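Undergrad: Structure below; questions to follow.
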Amino acid sequence: MNEEIRRLPMVALRGMTIMPKEVVHFDVSREISLEAIQKAMSEEQQIFLLTQKCIEAENITQDDLYEMGVIASIKQIVKMPKKILRVLVEGERRAKLNELVQTEPYLEADITVLEEYPYVEEEPIRQEAMCRTLQELFLQYAVKNAKLTKEIVEQIAKIDDLKRLIDEVCANVPFRYEETQELLEETDPIKCYSLLTEKLEKEIRVFQIKEQLEEKVKARIDKHQKEYLLREELKVIQEELGDDSTISDADEFAKAVKKLNASEEVKEKLRKEIRRFRNTANGPAENAVTRTYIETMLEMPWNKTGEDNLDIHYAKEILEEEHYGLEQVKERILEFLAVRALTSKGTSPILCLVGPPGTGKTSIARSLAKALHKKYVRISLGGVRDEAEIRGHRKTYVGAMPGRIANGLKMAGVRNPLMLLDEIDKVSTDYKGDTFSALLEVLDSEQNVKFRDHYLEVPLDLSEVLFVTTANSLQTIPRPLLDRMEIIEVTSYTDNEKFHIAEKHLIPKQLKKHGLEKDMLTISKGAIWKISNNYTREAGVRQLERRIGDICRKAAREILEKNKRKIRVTESNLEKYLGKEKYTYQKVNEKDEVGIVRGLAWTSVGGDTLQIEVNAMLGKGELLLTGQMGDVMKESAKTGISYIRSIAEEFNIPKEYFEEHDIHIHIPEGAVPKDGPSAGISMATANFSAITNKKVRADVAMTGEITLRGRVLAIGGLKEKLLAAKVAGIKTVIIPFENKKDVEELSSEITKGLEIIPVNHMREVLEIALVKE
């Protein structure tokens, strides 16, 4: 067998296999394939075509390719739009891939060119018999497949060489590319002949079964048409006899409209639709759409109002019983209730509860509904991106339905429920419309009196709905929508609040959930504090509830396995139930040090302390910033350095110091991204300490933004930052003077034991923080 080794540019084909003698065109768009075509055209116009095993594969390796391919000559290239080439090729000879020698800028392969069907000649009579059998099978296939032209059939019938006949049949029968690959890889003509006849017989059988199925479908359609005609005749007979179900349904709808407590506009719309329903009795599709619309309209609570509870003492009792803290939310609801009791009217407020996850925003809404005796409807807006989800689809569309707001009212059965729009900050927008803009009308007390749902086509009064929305952040909510809502911040819980919530709510809830009696499991106060501080780190209480659930499960198992009657969990045996402590708080440093300052930070799970470290060393005046600082934080560091340089002469810092020393600022926990301007005075103090070699008080923490002139500007998240300082054992906290009003609003539980010093200027910070010598 004569074999020839060659190196050719290669194109990896997706979803197609080309046979020798086959003339075919394909489109090329990948850069490596375009380069390979250009390379082939610049040489002998020959290219090696090989099929990929996986169509989706982009970065081609030898493992992604079949072993057998075909050498083809390029006959024509046509440039198409969007950098696509349409290439016409003719397969010439089989070739085997030895090695993929190059993948960039195009694929190039070492191949072995195989002699076409190397074998000992068969007897001429046997060859002729095989040729005739194959031609007869191809003719049977051509009769079934109308896509094959008469010219191709005649051309196949004239071929008397078995090798050529096999290749021509393979090229003209549209097998799946995996099957064509099998035929390409078979170099023995007798085996290839057997494989090809087997596949042709299978294709003929498939066509026969397809014809049988088509005949059955046609017979069934004829039967349906016959049944339709008979049904139509039956309808005419029923109408003559006065026994028509559609007419009786229409009468029922008309009676329901008379009883409906709704405006005249709604009733007139319904009467019009009922007339249409009568007239479309012979059109099942339109009749079904009209029926669904009428039924939906009749189920809507147009003027049906639920009776509110106006007992302010009862409402207060329920709110206090089910939620610890959240005073601002409770106060606002009780104010609304007082106004409603005095005027028996009053516009329902639109409240937006904003706060970290797990702080009770969703559950407070449920408690409000219970306190006010209102129906409760929760609508989750997380991920909603289609405006039609809010406004509904027009009823002409297939599968049309009212929007979530109208559907919520239908579920409530009254026009004045409490409607919770959960996760309003997670709403997104795409080409289907702006969902936030649709919510503008819903949440505007001036406009929602006549809210128009696309499906209902009549105004819907939402003015008596008590809307409560929840969000984790206000950043993604557009300003016009924020302007329509009353923002109430639900801040992080203090350790004391978490303790009371666990004791009064979470532990009883989990005991009941796990089938435990109150006296079976007791958790000591010290253990609750330890769970809150060392096994969870969060603003809310979700993780705390999970940890209590873990204890309950282990206790339940212990009671059953060891026949214990009582289990008491304390600080000493807590590790047995929850394992090793997961979190530790960085306590205040034991001694004053140079270049180390304790900053305060806000995170999504509450406050935290940052230990800012600065080293000044001989160098070229570079400023190094490490610890995954964001752009705003980096700018704050540079601003602090600029301020120190501006007062260098006053503190006897040599002019050349900043050209001869490198300053390195680092914030530990380098894997955690940090950003924001509130560490400005902390970094400036640490820089000043390192440059002047003066120690910073270890019991002082600080937060505040710095300007070039040394002014200290206000920051946010003060409550969480003060809580973090208290946990770390800090005694003195420096804050911006503008935040003094925020301190006055905080409970004494947070500020007790802390000396909080408001400052206006960086000089005051240095005066307090640096150790007096």
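We did not get these values from a lab; they are worked out from the coordinates using the rules stated. Predicted, not measured: the structure shown is a model, and the values here were computed from it. Reconstructed Cβ throughout: ideal geometry from the backbone, glycine too, with neighbour counts over all protein chains shown.
Undergrad: Using θ = phi - 60° and the Karplus form 6.51 cos²θ - 1.76 cosθ + 1.60, what ³J(HN,Hα) does each residue of the range 705-721 get, whole Hz, x for Gly and Pro?
TA: Each residue's phi maps through the Karplus curve to give 8, 10, 10, 4, 8, x, 6, 10, 9, 5, 10, x, x, 5, 4, 5, 5 Hz.
Undergrad: What Kirkwood hydrodynamic radius, in Å, does the range 117-207 give when the mean of 1/r is taken over all pairs of distinct Cα atoms and then inverted?
TA: 13.4
Undergrad: If you don't mind, there's one more thing I want to ask. Taking LYS512 as the anchor, which lysines have their alpha carbon closer than 20 Å to its alpha carbon, excluding any fewer than eight residues away along the same chain?
TA: Cα-Cα hits under 20 Å: LYS498, LYS504, LYS525, LYS554, LYS564, LYS566.
Undergrad: Then there is this: Counting other Cβ atoms within 10 Å of each Cβ, which GluC sites (Glu not before Pro) in the range 582-635 have at most 11 and sit in a DSSP loop?
TA: The qualifying sites are GLU590, GLU622.
Undergrad: From the square roots a ≥ b ≥ c of the eigenvalues of the alpha-carbon gyration tensor of the range 395-485, which class results: rounded (a/c under 1.5), prolate (a/b over b/c), or oblate?
TA: It comes out oblate by the Cα gyration axes.
Undergrad: Taking Rh as the Kirkwood radius computed over C-alpha pairs, what is the Stokes-Einstein D of the range 635-773 at 37 °C in a medium of viscosity 0.692 mPa s, expressed in µm² per second?
TA: 208
Undergrad: So, one more: According to the square roots a ≥ b ≥ c of the eigenvalues of the Cα gyration tensor, what is the shape class of the range 593-669, taking rounded for a/c under 1.5, prolate for a/b larger than b/c otherwise, and oblate for the remainder?
TA: The shape class here is prolate.
Undergrad: Would the range 1-71 count as rounded, prolate or oblate if I go by the C-alpha gyration tensor, calling it rounded below 1.5 in a/c and otherwise prolate when a/b exceeds b/c, oblate otherwise?
TA: The shape class here is rounded.
Undergrad: Label points 7 Å out from Cα along the Cβ direction at VAL143 and GLU201: separation in nm?
TA: According to this spin-label approximation, the distance is 1.7 nm.
Undergrad: Within the chain, what percent of beta bridges assigned by DSSP are antiparallel, to the nearest 5?
TA: 60
Undergrad: When 1/r is averaged over all different Cα pairs and the result inverted, which Kirkwood radius in Å belongs to the range 434-579?
TA: Roughly 18.9 Å, rounded to one decimal.
Undergrad: As an exercise, use a Förster radius of 60 Å and the Cβ-Cβ distance of LYS772 and VAL449 to find the FRET efficiency, rounded to the nearest 0.05.
TA: 0.35
Undergrad: Filter the chymotrypsin sites (Phe, Trp or Tyr not before Pro) in the range 375-472 down to the DSSP loop ones having no more than 10 other Cβ atoms within 10 Å, then list what survives.
TA: TYR431
Undergrad: Moving on to the next point. Place a label point 7 angstrom from the Cα of MET617 along the Cα-to-Cβ direction, then list the residues of the range 626-642 whose backbone nitrogen is under 17 Å away.
TA: Only 626-627 pass the distance filter.
Undergrad: Pop out the ³J(HN,Hα) list for the range 551-568 in order, Karplus 6.51 cos²θ - 1.76 cosθ + 1.60 with θ = phi - 60°, rounded to Hz; leave Gly and Pro as x.
TA: Computed from phi, the couplings for the range 551-568 are 4, 4, 5, 5, 5, 4, 5, 5, 4, 6, 6, 10, 6, 7, 8, 9, 10, 10 Hz.
Undergrad: Sticking with this one: Quick one: check the C-alpha center-to-center distance for the range 476-506 versus the range 541-616, whole angstrom.
TA: Cα centroid of the range 476-506 versus Cα centroid of the range 541-616: 23 Å apart.
Undergrad: Would you grab the residues whose amide H sits under 5 Å from the one on THR536? Only those 5+ places off in sequence or on another chain, please, with H modelled 1.01 Å from N.
TA: Close amide H contacts, sequence-distant or interchain: none at all.
Undergrad: Want the number for LEU229 to ALA338: 0.36 nm per residue separation, take away the alpha-carbon distance, what's left?
TA: The LEU229-ALA338 span can extend by a further 32.5 nm.
Undergrad: Across the range 29-177, how many lysine pairs, 8 or more apart or on two chains, come within less than 29 Å at their alpha-carbon atoms?
TA: So the count of such lysine pairs works out to 27.
Undergrad: Roughly how many whole Å is it from the C-alpha centroid of the range 722-773 to that of the range 276-347?
TA: Comparing the Cα centres of the range 722-773 and the range 276-347, I get a distance of 47 Å.
Undergrad: Here's another thing I want to ask about it. Return one number: the angle in degrees, 0 to 90 and rounded to the nearest 10, between the long axis of the Cα atoms of helix 31-42 and the longest principal axis of the Cα atoms of the chain.
TA: In the chain, helix 31-42 runs at an angle near 40 degrees to the longest axis.
Undergrad: Hull surface divided by four, with the convex hull built on the Cα atoms of the chain: how many nm²?
TA: 56.9
Undergrad: Here is a follow-up. Where the Cα atoms of the range 282-404 are projected onto their three principal axes, how long is each span, largest first, in whole Å?
TA: Over the range 282-404, Cα extents along the principal axes are 61, 35, 21 Å.
Undergrad: Output wanted: per-residue J couplings in Hz (rounded whole) for the range 616-624, from phi through Karplus 6.51 cos²θ - 1.76 cosθ + 1.60, θ = phi - 60°, x for Gly and Pro.
TA: Taking θ as phi minus 60°, the curve returns 10, 9, 4, x, 10, x, 8, 10, 9 Hz for the range 616-624.
Undergrad: Let me know the charge dipole size of the range 382-535 about its Cα centre in debye, to the nearest 20, where only the beta-carbon of Lys, Arg (+1) and Asp, Glu (-1) is charged.
TA: 580
Undergrad: Now for a different question. Which of LEU708, ALA250, GLN208 sits closest to the plus end of the dipole of the chain, meaning its Cα is farthest towards the positive end, when Lys and Arg get +1 and Asp and Glu get -1 on the C-beta?
TA: ALA250
Undergrad: Can you return the lysines within cross-link range of LYS259? Criterion is Cα-Cα under 16 Å, with same-chain partners fewer than 8 residues away left out.
TA: Partners found: LYS267, LYS269, LYS304.
Undergrad: Report the calculated FRET efficiency for GLU92 and GLU67 (r = Cβ-Cβ distance, R0 = 22 Å), to the nearest 0.05.
TA: My answer for the efficiency is 0.75.
Undergrad: Long-range amide H contacts for ARG93: which residues qualify at under 5 Å (H placed 1.01 Å from N, peptide plane, sequence gap of 5 or more or a different chain)?
TA: Under 5 Å from the amide H of ARG93 lie the amide H atoms of ILE71, each far enough along the sequence or on another chain.
Undergrad: Just to be sure I follow the rule: in the range 686-770, considering lysines 8 or more places apart or on different chains, how many pairs have Cα atoms under 24 Å apart?
TA: 20
Undergrad: Using only helices, what value at 222 nm comes out for the chain when you add -39,500 (n - 2.57) per DSSP H run of length 4 or more and divide by the total residues, to the nearest 500 deg cm²/dmol?
TA: So the helix-based figure for the chain works out to -13500 deg cm²/dmol.
Undergrad: Now, a different point. How about LYS509: which aspartates and glutamates have a C-alpha closer than 12 Å to its C-alpha, ignoring those fewer than 8 places off in the same chain?
TA: GLU322, GLU517, GLU545
Undergrad: Skipping prolines and chain starts, which residues have an amide H placed within reach, meaning under 5 Å, of the one on ILE523, given they are 5 or more residues away or on another chain?
TA: VAL569
Undergrad: Something else: Compute the length gained on full extension between LYS504 and ARG271: take 0.36 nm times their separation in residues and subtract their Cα-Cα distance, giving the result in nm to one decimal.
TA: Full extension of this stretch gives 78.3 nm more.
Undergrad: Expected output is a single nm value to one decimal: the length gained when fully extending between LYS259 and LYS150, i.e. 0.36 nm times separation in residues minus the C-alpha distance. What is it?
TA: My answer for the length gained is 31.9 nm.
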